[in-house]
1. Looking at the square roots a ≥ b ≥ c of the eigenvalues of the Cα gyration tensor of segment 48-109, which shape do they give, rounded for a/c under 1.5, prolate if a/b is larger than b/c, or oblate?
2. What nm value, rounded to one decimal, do you get for the distance between residue 105 and residue 61 when each label is placed 7 Å out toward the C-beta?
3. So how far apart, in nm, are the two label points at residue 15 and residue 82 if each is 7 Å from Cα heading toward Cβ?
4. Given Cα pairs under 8 Å that are at least 6 residues apart, what percent is the relative contact order of segment 1-134?
5. Label-point separation (nm) for residue 8 and residue 140, each offset 7 Å from Cα along Cα-to-Cβ?
6. Stokes-Einstein D for the chain at 25 °C, 0.890 mPa s, Kirkwood Rh over Cα pairs, in µm²/s?
């Protein structure tokens, strides 16, 4: 799906048809059922990549601490992370990805409510979504870690 913008209309139709027949999500990476502990690269962007997190240094610092705390719970491992003005990345290890994503969703909701009040913009959509990618090898782990750093 990384080549979507390079595809012509026919290629896009064929790709979507294949993903539909294969019972894969049409516009996002597939999520295979994982058992046991795995490593993941998680990322989330502000809606339309607007710098909502980076409005001021205090907001970025507070969000960074909340994010680090969230990944440090429940025997999760945090290998690398960064918070930028309009998105964040984390490289984690967990045996409960669904639980971690649910916690990220709650953190995003709390932050959205607080920031929209502070910015006097009730109803603004702050977050797009949280995406995860399972780390497939040691090489993939180090590539993701270096990218985050």
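1. On the way: a/c = 2.11, a/b = 1.82, b/c = 1.16.
Since a/c reaches 1.5 and a/b is larger than b/c, the shape of segment 48-109 is classed as prolate.
2. Rounded to a tenth, the inter-label distance reads 3.2 nm.
3. The two pseudo-label positions are separated by 2.6 nm.
4. 31
5. 3.3
6. On the way: Rh = 16.9 Å.
Diffusion coefficient, whole number: 145 µm²/s.
Each reported figure results from applying straightforward, stated rules to the coordinates on display, with no laboratory input. Treat the numbers as computed from the prediction; the structure is a model and nothing was measured. In this analysis, Cβ positions are derived from the backbone assuming ideal geometry, glycine residues included, and neighbour counts consider all displayed protein chains.
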